[in-house]
Amino acid sequence: MYALEEKNLLLEPRQFETAQKKLLEWYEVCGRHELPWRLSEDVYHVYVSEIMLQQTQVNRVMQEYYPQFLEKFPTLKALSEADEAEVLAAWSGLGYYSRARNLHATAKLCPQTLPQTLDELLKLPGIGPYTASAICSFAYNQQVGVVDTNIERVIKRFFALSQPSVNKVNAEAGGFVNAEQPRAHNLALMDLGSLVCLPNNPKCEECPLAFSCDGKNEPEFYTKKEKKVYENLELFYGVCEKNEKIALVKSSARMYKGMLELPNVEPLEEDFIAAFKHSYTKYRLTVKLYKTDDVEGEVFWYNHEEIQNAPISSLTRKAFGALQKAQR
DNA sequence: GTCCTGAAGG
DNA sequence: CCTTCAGGAC
């Protein structure tokens, strides 16, 4: 079915030249040219930024993580020579820690530079279809389609695709790429999705592609979201304090592999200290802290000062905050 | 279907 | 306060 559509696409190529031209003119004026990772075409800079930007918003990456990370690990080589714990500490609070572990693993596999083809990039840990194409487009200026969620939304609306397959969206995005300026084309589409072709109430009156957008009369029809189901959970952590230092252990949770956290305990009401909320994916957590005396296994001692640079999640960071507040 | 978080919204 | 949103790899 899709093969047939793609065949038709090849037999009767659409004329995109005007749309491509208007898109680049808009980008010239309205694009986010000052984003730090766009000021460089160094493949390492592009790579680090794309991994950080996976599932994470531009402002946090730009202000709290990207510059600090490059300061600490200025090159792929430097990153490859670092300890995983250092890399996780630089990632602390950003979430999706497998990104940091995979980034480090890829640096060890390619300490000099990254490969220059989609196929080779896709073999590396943590690099999927989006990131491979982003590197090829933004670092190497290759003529490849790049489809992140912003561009996906633009493509679905522009071509009026209702619930298309991933392949269909990729094929349309790929066919639309400007052969002369693939990098600028993809960055422009990304900014258009982020600034104009918004999920709700898109600003079609400002859009350079509105003149030939097939979906502009009902833009939200093509990008409906499904509603989510949540699950509530309670977690219990122990606070073992000696000489102003608090005991941490290596996390047994897969998602926090390699990171430190408070030890789990059985709740005893008389030892209750504090509680706070946290959430991830579909889970809504109520986290409760209890005083405890002994901790099994390998223990790492941290005071409130030292914890700032430790490989811990936001959940653990919140626990230290709740603890300090309860002790005042 | 799993992995994370802070900002924005009601 | 609680809920929703934004953002790709495996």
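A short reminder: the numbers here are calculations on the coordinates, not readings from a lab. None of these values were measured; they are calculated from a predicted model. With ideal geometry, Cβ positions are generated from the backbone for all residues, glycine too; neighbour counts draw on all protein chains shown.
Once the piece of chain linking A:R254 and A:V166 is laid out straight, how much longer is it, given 0.36 nm per residue of separation minus the C-alpha distance between them?
Once the chain is fully extended between A:R254 and A:V166, it gains 28.8 nm.
I'd like the FRET efficiency for A:K227 and A:E266, computed as 1/(1 + (r/R0)^6) with the beta carbon distance as r and R0 of 35 Å, rounded to 0.05.
For R0 = 35 Å, the calculated efficiency reads 0.45.
Taking every DSSP beta bridge with both residues inside chain A, roughly what % is antiparallel (nearest 5)?
Given both bridge residues lie in chain A, the antiparallel proportion sits at roughly 60 percent.
Indicate the helices, whole DSSP H runs only, in chain A that combine a mean Kyte-Doolittle hydropathy of 1.6 or more with a Cα extent along their long axis of 18 angstrom or more.
The answer is none, since no helix passes both cut-offs.
Within region A:74-96, list the residues whose amide N lies under 13 Å from a label point set 7 Å along Cα→Cβ of A:F300.
From region A:74-96, the list is A:83-93.
With each run of n ≥ 4 DSSP H residues scored as -39500 (n - 2.57), what mean residue ellipticity at 222 nm is computed for chain A after dividing by its residue count and rounding to the nearest 500 deg cm²/dmol?
Dividing the helical sum by the residues of chain A leaves -11500 deg cm²/dmol.
Please identify, among A:T18, A:T131, A:T75, the residue showing maximal mean-square fluctuation in a Gaussian network model of chain A using a 10 angstrom Cα cutoff.
For chain A, modelled as a Gaussian network with Cα springs under 10 Å, the answer is A:T18.
Can you tell which of A:N217, A:N178, A:N141 shows the greatest fluctuation in a Gaussian network model of chain A with Cα springs below 10 Å?
Of the options given, A:N217 has the highest mean-square fluctuation.
Kirkwood Rh, Cα Rg: Rg to Rh for chain A?
Over the Cα atoms of chain A, Rg/Rh equals 1.05.
What FRET efficiency comes out for A:R317 versus A:K203 if R0 is 35 angstrom and r is the Cβ-Cβ distance? Round to the nearest 0.05.
0.40
Around A:I151, under 15 Å between beta carbons, what's the net of Lys plus Arg minus Asp minus Glu among the other residues?
+1
Which one of A:V146, A:V29, A:V299 has the biggest mean-square fluctuation once chain A is modelled by GNM with Cα springs under 10 Å?
Highest fluctuation among the options: A:V29.
Just to check, using Stokes-Einstein with a Kirkwood Rh over alpha carbon pairs, what's the diffusion coefficient of region A:12-170 at 4 °C and 1.567 mPa s in µm²/s?
The estimated diffusion coefficient comes to 76 µm²/s.
Evaluate the distance, in nm, between pseudo-label points positioned 7 Å from the Cα of A:Q308 and of A:A82 along their respective Cα→Cβ axes.
So the two model labels end up 1.8 nm from each other.
Set Lys and Arg Cβ to +1 and Asp and Glu Cβ to -1, take the dipole of chain A about its Cα centre, and tell me which of A:A100, A:V154, A:A78 lies farthest positive.
Toward the positive end, the furthest listed residue is A:V154.
Taking the Cα centre of chain A as origin, work out the dipole magnitude from +1 charges on Lys and Arg Cβ and -1 charges on Asp and Glu Cβ, in debye rounded to 20.
580 debye
Work out which GluC sites (Glu not before Pro) in chain A are exposed loop sites (DSSP not H, G, I, E or B, at most 15 other Cβ within 10 Å) and give the longest gap free of them.
Excluding the exposed sites themselves, the longest stretch runs over A:82-179.
Fewest Cβ neighbours within 10 Å first, please rank A:K224, A:K318 accordingly.
Ranking A:K224, A:K318 by Cβ neighbours within 10 Å, fewest first, gives A:K224, A:K318.
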